[in-house]
Every structure is written in C-alpha cells, then in structure tokens.
1. Taking the Cα centre of segment B:63-128 as origin and charging only Cβ (+1 Lys, Arg; -1 Asp, Glu), how large is the dipole, in debye to the nearest 20?
2. At what distance in nm do the modelled label points of A:I638 and B:L117 sit from each other, each positioned 7 Å from its Cα along Cα→Cβ?
3. Could you pull out the trypsin sites (Lys or Arg not before Pro) across segment A:572-631 that fall in loop regions by DSSP (anything but H, G, I, E, B) with no more than 13 other Cβ atoms inside 10 Å?
4. Just name one of A:N184, A:N99, A:Y142: the one whose Cα is farthest towards the positive end of the charge dipole of segment A:92-186 (beta-carbon charges, Lys/Arg +1, Asp/Glu -1).
5. B:E25 to B:E78: FRET efficiency via 1/(1 + (r/R0)^6), r the Cβ-Cβ distance, R0 25 Å, to the nearest 0.05?
6. Just tell me how shielded A:454-464 is by partners: mean number of partner chain Cβ atoms within 10 Å of each residue's Cβ, no decimals.
7. Tell me the carbon and sulfur percent of the accessible area for segment B:140-196, rounded to whole percent, probe radius 1.4 Å.
8. Give the cross-link partners of A:K157 among the aspartates and glutamates, using a straight C-alpha distance below 13 Å as the criterion and excluding same-chain residues fewer than 8 apart.
Amino acid sequence: MYELLSSKNYLGFVIKHKISIFIITAIIFTISILNINMDLLAKNENQFWVQNISSKNISNEKYISRLTINIDFNEQNIKKVKDFESNLHFNYKTDSIFNQKFWYHNDSGEGSESVSFLSSKNMDFHKLKTFIEKFEDKSNIYIDKEHVYIYIYSDNKLYLNDIKKYTDLDISLDNNDKSYMSNNDIYIYSVAVLILIFILFIAMFKHIIAGVSSILMILITSIISIAVIQIIMPSYLLHITNILLLISISLLDYLYFYYRWHNTQFDKTSIEALEQSLNRNITPAIMTALITIISLVSIYSIGSDTIKAITLSIILPSIVGLLLNLFFLPALLSSFSIKYTDILLNKIYNKISAKMVHYNKKMINIAIAASVLFIVFMIFEYSQKKDYLFNSQSNSVLKYSLNEGNNSIKDQLLLSYNLEQELKGKFSDIKSIKSISQDLNDITKITNNETLNDINIDEAIFFLELYGMDNELNKVESKIILEENSLMKTNIIFYLNNKHIEGLSFADKDSKISDSKFNQIKFLMYSLLIDLVLLSVIISITFRKPIMITGSLFVNTLPLLGFAVLLHIYKLPLTIEVFIAMAVSMAMSSNATIHFMYSYLRNRYYKQSEEKSLKMTILFSGTPLVISTFVLFFTFLILIMSGIPELKQIGIYTAVLLLLGMIINMLILPVIILNSDKNDYSA
Amino acid sequence: MPKVILILLLLNSLLFSNEEINNAEVIAALQNQINIMNKSYLKGELLDEEYSELKLMKIRLKEMIKSNSIHKKMPFAEALPYFESIKDLEITIGTGSEDIYVFVDPMCPHSRAFISLIHDKEEMQKKYKYHIWLYRLQKFKSIPYIYYIYNKKSSERLDLLYDIMVKENKIISLKVSNTEVINNYKKIEAIATLMDIYKRPYLFVNKKGN
C-alpha cells in the first residue's frame, strides 16, 4: 500500500473534465441547499433534547420558572406585584403568595381546637403581612424581606424578555441565560466562521486560493452532509454542534491535500504538485474514511437518534470530503499556481525531528504503562464521585409525580412523603417541598401531633375532603424548590433516577429534559470509549503493527485524559458539550495518526532513514495538523461570544482539547511511531 | 378498699414525686386502674364512693396528660369495641360506606363548625357515615344541652343537634332530670376518658379496606 499510485492519468481525466465536475458539484450543492430545512435546526438546547423524549411523555408538562421581584415590602409595592401577577394570568398559570392556603391549628384553648386552613386570596396588605408572619416557614419560598417570588408555568421556555413587557418592576428569572438562537443568529455565526477561516488561510498561505478553496470545501461538504442527514433522519432536529463537527471534519483531509500541493510548488509546477499531493494523500484519505466508517457504524446501529446524528456528522463529511478532495479540489487547484511557497517553521521541524529520533524507548514504555494506569484510575474516580458530574444551570424548581402503578393512592402518598423526607435530609439546598403529602403531614401534626403515617393518613385525607381541597389527591406530585443559585437540581434528578422508583416520572419539562440528557450522556461516553478502542485496533491491523493498539490508544486517549484531569480539578460537569469536544479531538487525533503513520512508513518503505522519514512526516503531515488546529481553535473560540452557555462550553472545551491533541500528536505520536518501527525498512 | 389504698398510693407518689419515677409510667398505671374501675362501673358493680374516686382519678389523669402532653390516639381496632358499647347513644349522619366516629361538644365552636361542614356537604354524607357522641369540654357549660338532646328519641336527636350546633338556636327550657339520660351520658364520659378524648371535635376515621 506504500507503492506510489500513478495519478497522472487520473489527474489528466479530472483536468479534462473539470467544467463538468464543477457543474455536477454545483448542481448537487444547489439541490442540497434548496432541500435543507432550516426549521430542522434546533434553536436551543431544550428543543434538541425534547425530541429524545416521546411526545406522549412531555406534551402535558410545563416549564416552571421562578421569577424574582426585588422590592421593599410595603403596601404600594405589593399592589404593584399583585397587578403584575394578574397581567401574567392572561398567558400563564402562576403560583405566588397571593394564592396560598396553609393549614393551621385553630385553638380556642382547653380542648376546643380543630385543623383549618387560611387562604391568602383577596387579603388586604395588613392581613397579608400577618399571614406571612404566621406562616413564615411556609411562605419563605414566596416572599422574604427583599424579594417576592412568583412561579410561572409555561408551555415554552420562558425568557426574561417575555416577562419584562408586563411590568417595570426590577425582576429576574432563574434561567436568565440566553439559550435561544434565531435563524439570524445561526446565519451570522456561520458567516463569521467562514470569514475567519478565509482570512486565516489567506494570512497563512498568502494566496487567495487558499481561502477560497477552504471555504468552498467547508461549504460544499457541510451543506451536502446536512442535506443527506435530513434525508436519512427526516424529522430530527440537528444541533449546532452537528454543524461544527461537519466543519471540523471537512477541514481535516482537505488541508493534507492542499498543503502538499501548495508547498510542493517550491520546485514543481502546479500540475506536478497536484500529482504528488494526490499520490501521497489518496491512500491515507481513503484509509481515514474507511476506518471512520468501520469504527462508527457499529455505534450508529445501536445508538439513539442523538448518537446516530453525531456519527452521521462524522461519517458523511468524511465521505463527501474524500470525494471532493479527489474530484473537485484537483479540478479547482489545477487552474492556479503558487509562486512563493513559504514552508512554515521548517527549521523548527528539522530540530524537532532530529531530537525525536534519539528518544528513550524505556521512558516511552513507562509513560504508556503509567497512562493506562491513570486511565483506569480516572474511570474509577468518575464512577465514585458523581456530585459535580452533572450540574444544572437552569432554574431551581423540580417537579415529579408518582403514578398509580400497583399502589393504592394512600401508599403513593406515604411513599411520596417518605421520599420527600429522604430528599430533604440528603440535599441541603432544598428550601421547601410543596405537595399534597406535605399538606397531609401538616394536618396530622395538628390533629395528632405526629408525622404522616399509615394510621393517621385517613384522618388527614378526610380533612382535605371536608375542606374541598382533595382535588389533587389523584395526582401525587411533589414540587421541590431549591435555594437560589443552587446547582443541585441535576444531582437530585440523578439520585431519583438511580432509585428506580416504580411510577416516578418528572413532571416539569426542564427536569424531563435533564433526565433525557443524563441518559444520553451516559451512552455517549460509553460510545466514545468503545470507538477509541475500535480505532486503535483497526489502525494496528491496517498498518500491521500490533503495538499500535496501545500506541494509538495512548495517543488518542491522552488529550481526552488531560482534559478529564482539568474537569476533575475544576469540578466541571460531564455534559454533552464535553462529549462533542472529545469527538472533534478524537477525529483530529485519529486522522493525524493515520496520516503520520502512512507518511512515515511510506518513507521508510522507500529506504529513507528514520530521521529523514520523521522530518518528512512532520513537515507534510504535521504542518496541516498544526494549521487545522490553529484554524479550528479560533473557530470554536468565537462561540464564546454567542452568549449561550452551552455553546460557550463547546467553544472553550473544543479549543482546549484541540490544542492538547495537537501538542500530543506533534510531540508524542512521532515517538510512538518510531517505537513501532522494527527497522523493517532500514537503509 | 384495697383499690382505694392503691389509688392513694398512686396519688401520693405523685405528690412526693421521685424524679426517677417516669411520669408516663404513672399515667399508664393510672389509666389502667381507671380501665378496671370503668369496667366495674359498666357492669354496675361500683359503689358510690368508688365512683367518686374514679371521677377524681379521671380529673387527675387529665391534668397529668395535659401537663405531660402525652396524648396518644388509641388505635382504631382497640377503640371499636368501646364504640360498640355506646352504639345506642350515637347520632348518625350520612349513609356512606366509610365510618367516622366523632366526639363533639355542642357548645364548642370548632365542634359546631365541623358539624356545619358535614351538614352542608351532601357528597361527604354520601361517602361517610358519621357516628357522633356528645362529650363536654370543661370550659363550656354544655351538660344541659347534652342531656336535653339525649332526652329526645333517637330519631329526633339529629334535627335537634342541627338546631343547636348549625343554626345555633337557643333552647329555653333545658331542664332534664331523667336518670337514665344522666347515666347514659356517664357511660359516654367513661369511655371518652378511657380513650383520652382530650379535645373536640375528636375523630376516628375508618376507611374502606381497613
């Protein structure tokens, strides 16, 4: 496979039919772009995750947002808040201090007593003040000295701008972050990325064709891939991360082709340079595409829609990119030539390759063994410490329900009460729990001076019925209200999930989505690990180097490991954004491994010395890697400016991982490859 | 006589209380003794002076319980036989399949509120059957009303109860001297003391399936 392919005839064919190639590409591109449904691009995180939950399970649920109003407690301000809430009622259901009923001990003394409830509805200011003082422990989730809290139930996620129009009071929402991307936002971001890439390429290669070809390759690959994904998965909402994956993958192999063509014109014509570029890169490019497909197909077939979409976002640009690199790119580049070809950082690469050849083999083996042990340790650590693994940036209200199943309503109520007490004991951030079970407990504390149990529950239910407050008895729901700025919500969801309580389901949209995310993320992480191993095995088989199983695993895992250490140190959660960043890093790393290995082994096959082979490898495989890393680094960093927390995370994580990957691939991968060289090709 | 000595010893133990003596144990012992004497009373075996002592013990027990704040509700299964023993004195409301046993004081405002709620809610009357006994609270001068109601025929008691507790009608002539009525009430009182009915209204709920 290291024999040079004769690409002269092939290139001749491409150049002869380049107009046809351009026309066909343009037609396919146009058809694709016309068939892309922009509405199938998820505008926000929740839209994307909701589709992973069956509509039956989520259509009745509402988002619950906590609105905080900063006011001084006086009659005038309270009236303002009341009016504000009345306005909200036109569009939303609300829960506030103005519509509460609390059970209390009505005691006339000397045995004359009963349980009764007091309602805050229609109370004037002074009565309300007394009411709040009387029930301070229960009303603190609705009002304190400086704030009034209103809980709003909505079909769609609520943002501050939706509410601000109703009032001029000083208000804030729990989920204040912008998580909404309009079509305009997506267009603006896409254009910004393309302009950035265009400028960077021109700056690096000092020729307009570098910028133009890169943009065209990215655009055509991405558009065709999106169109195909939408054909394969017609109603699936794509996340912006799918698009970022497409952009990253489309850049990778392109750069190997382009760089070789650009630099070879130092002493060759444009056509000769094209020929050489094709010769050197066709085989590794095909290998990359094949290895990608083989390693991901198994995951595609067993995965959820999210995983399918992610694997397609890697497989399709690999295939489309390969076809474009074989047809469109040579056709395009054949019309241009480069007069001044600066070979970037040549002196540095010479020094690095000279030093690398004389590496300490023992140290490498120790490093590999230590890294494997560390991987095992990290897996163990992550399996133990779960507190910070999944955090929630969204609101601090969580609702769940206990459905009937095989239990009677009494059993459900008791189960609900006991579960609530357990949660209160375990999670210190829980400010209050509102539920019918808590109401029943309030009643039994008054009537029997006991907490709710299977004996006194009947009497408590009777009082609910007597006072006409039993309409929620058939729906056992608990609403958990957390302290402000609490990050415990997803931990609680995780905890409830793990308890496997029959009939328990989350009853607000946010929690349902978090639950779905949590289930997906677990699967995504396992898929990533399986893929790492598969890749390493396939690479070692392809190059007939069994040692590359550990070598490749080591090189591809090390950036992820380094990143995991950072997450662990800073107690950052494992989220889908981390997975996306890791997927991009893995794609880059495995691509680099294949190109590096091919280039080095091919040079050794043609009797070049270790040092010369390494130099050529670093020059012609390493430089494209550095350039693509550099370009993608800035591409992902732009995401920080999006203002959307999930995208910011993807941007930062991917940028960091790409840098880590590049450093490891440039410094350690060559040594691993040298280590695997058994001098079969000694001069 | 031996019973009296036991009672006095018990009472003395309270007067010169040893801190090591557990109040709960004393209350339990006192309650047990009251139980025994009540049973004798129900059989008609108690002498007059013994009955006076029994009354004294009940008052003492109430005070102790109140100060100790130990009001433990008797389990329903244990209470049921007592209800059966005074079944002929119950006033029933409703036709439901689930039973509620209630002790009310006709002059107590919370008892009145409770009876009014039941009176107004037909659906609650269809779901539950209320077995009501009248049992006074010390602070209300309800005995004449209680005797007056129990002096009526069973079929008339409910309407009268509504008159007094729901409509709050005043009854002009409450004088009742019927010994049987007084004795019947004492039966209720004895049972109620045994069961530590310390407040009004006091409920026992027996849901279907229990």
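The values are calculated or read from the model by the stated rules, or taken from the named source; none is laboratory data. Note that the structure is predicted; figures quoted are calculated from it, not measured. Counting neighbours? That spans all protein chains shown, and the Cβs are built from the backbone with ideal geometry, glycine included. Surface areas here come from the heavy atoms of the whole protein model, side chains and all, with no ligands, DNA or RNA. Shrake-Rupley method; radii C 1.70, N 1.55, O 1.52, S 1.80 Å.
1. Roughly 240 debye, rounded to the nearest 20.
2. Taking the simple label geometry, A:I638 and B:L117 are separated by 6.6 nm.
3. A:K607
4. A:N184
5. After rounding, the FRET efficiency stands at 0.80.
6. Average neighbour count from other chains, rounded to a whole number: 4.
7. Here carbon and sulfur together make up 47 percent of the probe-accessible area.
8. A:K157 reaches A:E45, A:E61, A:D174, A:D177, A:D508, A:D510.
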